[in-house]
Amino acid sequence: MKEQFAKDLIYTKILTDRLSEGKAENSGLFTVKYQILYIIKKNGKTSPKLLIKELVLAKSNLALIASDMISQGLIEKGKDEHNKKEIFYTITEKGNAMLTEKMKSIENLEIEDVGEACILLEKLNNLLQKIH
């Protein structure tokens, strides 16, 4: 039973990564770029520390991705008024529009389009039941 749980957990991680990130650039349903946009939109001004914690990213990886997103006009970088050392990110109109479009495209997917998503959801439900 424990061995099967470990296998299910590993398989679920693999499927989750494949579903969200894909194998080619921007081929996943919800790449890190969209995850960052989602978290910033949800939280408003968002610190790099929160993004690193939520996405389990290395600080250097977040810096590279955020820099690219800033140059694309998807997010903006600002400094805290009370503590000039603290920075935060906010989502731009362009970033918000891009996130909204991606969310709508995911919502409109047909079951056949998602393929392994059904398997993934079933595995996640089974794992949650086992954990509880």
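General remarks:
- Subtracting the Cα-Cα distance of Thr90 and Ala58 from their residue separation scaled by 0.36 nm leaves 9.5 nm.
- GluC sites (Glu not before Pro) within segment 59-101, DSSP loop, no more than 10 other Cβ atoms inside 10 Å: Glu81
- What the phi angles of segment 64-78 give under the Karplus curve with 6.51, -1.76 and 1.60, with θ = phi - 60°, is a coupling list of 5, 5, 4, 4, 5, 5, 5, 5, 7, x, 8, 9, 10, 9, x Hz, glycine and proline written as x.
- Set of lysines with alpha-carbon distance to Lys59 below 17 Å, sequence-local pairs under 8 removed: Lys33, Lys49, Lys77, Lys85
- Once backbone amide H atoms are built at 1.01 Å from N, Glu86 has Asp80 as its partners under 5 Å, excluding neighbours fewer than 5 places away on the same chain.
- Shape call, segment 37-104: gyration tensor on alpha carbons, a/c limit 1.5: prolate
Readers should treat all values here as calculations from the given coordinates under stated rules, not as data from a laboratory. Nothing here was measured: the structure is a model prediction, and the numbers come from that model. Neighbour counts are summed over all protein chains in view; Cβ atoms, including those assigned to glycine, are modelled from backbone coordinates with ideal geometry.
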